[in-house]
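Reviewing the structure listed below.
The values are calculated or read from the model by the stated rules, or taken from the named source; none is laboratory data. On a predicted model such as this, the values are computed, not experimentally measured, just so you know. Every residue, glycine among them, receives a Cβ derived from its backbone with ideal geometry; neighbour counts consider all protein chains shown. Quick note on the areas: whole protein, heavy atoms, side chains included, nothing else; ligands and nucleic acids left out. Shrake-Rupley method; radii C 1.70, N 1.55, O 1.52, S 1.80 Å.
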Amino acid sequence: MLLTFDTATPRVTAALHDGERVVASADADVAMRHGEQLAPLIEKVLADAGADRFDVTAVGVGVGPGPFTGLRVGLVTARTLGHVLQVPVYGVCTLDVLAAQAVGTGEVAEPFLVATDARRKEVYLASYDAEGNRVEGPVVVKPAAAATDALVVGEGADLYPEHFARTAGPRRPSAAWMAVAITEELVGLLDPEPLYLRRPDAEAPGARKPVS
């Protein structure tokens with residue numbers, strides 16, 4: 001049983017794959033509540049499949065790129081489950097999952113880009129060939145600097161249509177497709193470490209300045 005989940009975007013998504021097919025999946029799209037939503041979603045997909053956490057033999061988790069807080073929720077949960085259950089934990093680039101879904105559903109059959117919301121009026125961006133293999137990126141850029149006539153998958157295309165005119169495929173990642181992509185070796189596997197691309201917004205305060 002492969003348990004997968006992603007918290008790199010406003011969507012929290014979880015799924016369970018039994019080695020042959022996805023047997024349960026669930027999504028939640030309430031922004032800024034990753035910590036409250038992930039555990040119940042995991043419990044839901046396990047219950048829907050008639051399984052419990054001790055049936056899990058591997059964990060797959062989206063490593064981003066994405067905001068610090070959301071990524072931390074998913075990665076800490078993945079590492080904790082891996083440690084408690086003594087099972088391997090596989091990291092997957094979230095943009096690669098969107099690319100795999102776009103190609104796997106037949107919505108894309110040419111080289112394309114994946115763009116997701118990076119906040120601060122920027123996008124996370126990577127380029128792919130027609131088979132869904134990543135050829136460049138991911139990077140964080142201003143949409144105007146990445147304006148293109150190429151096909152664009154992901155929520156970034158909806159946010160900045162003036163720069164990304166041609167759109168297709170999924171907007172936010174699916175843990176079900178992550179499970180398929182891992183099982184069918186459609187994506188590269190990474191260590192379960194966060195792919196931030198820039199410093200987190202919340203940082204520990206520096207040393208206090210002396211009073212003069």
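Any idea which of Val140, Val187, Val180 is part of a strand (DSSP E or B), in contact with a strand residue (DSSP E or B) (Cβ under 8 Å, 6 or more places away or on another chain) and not acidic (Asp, Glu)?
That would be Val140, the only listed residue that is part of a strand (DSSP E or B), in contact with a strand residue (DSSP E or B) (Cβ under 8 Å, 6 or more places away or on another chain) and not acidic (Asp, Glu).
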Report yes if Ala175 is crowded, with 24+ Cβ neighbours inside 10 Å and under 30 Å from Phe54 (Cβ atoms), otherwise no.
yes
Counted residues in the stretch 119-141 being within 19 Å of Phe68 (Cβ to Cβ), touching a helix residue (DSSP H, G or I) at 6+ places or on another chain (Cβ under 8 Å) and open to solvent by 60 Å² or more (accessible area, probe 1.4 Å) come to 1
Selection within the stretch 6-44 - closer than 16 Å to Val76 by Cα, crowded, with 24+ Cβ neighbours inside 10 Å and among the small types (Gly, Ala, Ser):
Ala8, Ala14
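Residue-by-condition table, conditions (1) open to solvent by less than 30 Å² (accessible area, probe 1.4 Å); (2) under 14 Å from Pro173 (Cα atoms); (3) outside any strand (DSSP E or B):
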| position | (1), (2), (3) |
| --- | --- |
| Arg79 | no, no, yes |
| Asp96 | yes, yes, yes |
| Ala109 | no, no, yes |
| Val114 | yes, yes, no |
| Asp117 | no, yes, no |
